[in-house]
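See below for the structure under consideration.
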Amino acid sequence: MNSILPVHGLPEVTLGSDQATLEEYARKTFVTTDWLKDWPKREKRAARSFYGIPVEARGTIWGVVVLDSSDEHAIGPKDKEVFKLIVKNLGKLLEKA
């Protein structure tokens, strides 16, 4: 996929989250429920919104920048153009490396 992937309004995941909440979060974020069950060992809070932005260098996908927030509405559609500009410039820098 060569497009920006926004994900907003994710449910809050805690140690006591029920299976339905874990399944919804996993489905929307492309992780497994097993990964989520181990999550509290790795992180303090699960992201509630994020943007995945592909970085292109020399005509191919170099990688992806993922921006996330614990606020379910912190990263929204209004931010898309700013993120695209940042990633475009990152791609240009990579081409010079």
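Given the structure, is Leu85 modelled with pLDDT under 85, out of contact with any helix residue (DSSP H, G or I) (no Cβ under 6 Å at 6 or more places or on another chain), at negative phi and not in a helix (DSSP H, G or I)?
no
If you take the residues in segment 48-76 that are closer than 16 Å to Ser3 by Cα and out of contact with any strand residue (DSSP E or B) (no Cβ under 7 Å at 6 or more places or on another chain), which one is surrounded by the most Cβ atoms within 10 Å (Cβ to Cβ)?
Among residues in segment 48-76 that are closer than 16 Å to Ser3 by Cα and out of contact with any strand residue (DSSP E or B) (no Cβ under 7 Å at 6 or more places or on another chain), the one surrounded by the most Cβ atoms within 10 Å (Cβ to Cβ) is Ala57.
The values are calculated or read from the model by the stated rules, or taken from the named source; none is laboratory data. Only a predicted model underlies this, so the values are computations on that prediction, with no experimental measurement involved. Neighbour counts run over all protein chains shown; Cβ positions are idealised from the backbone, glycine included.
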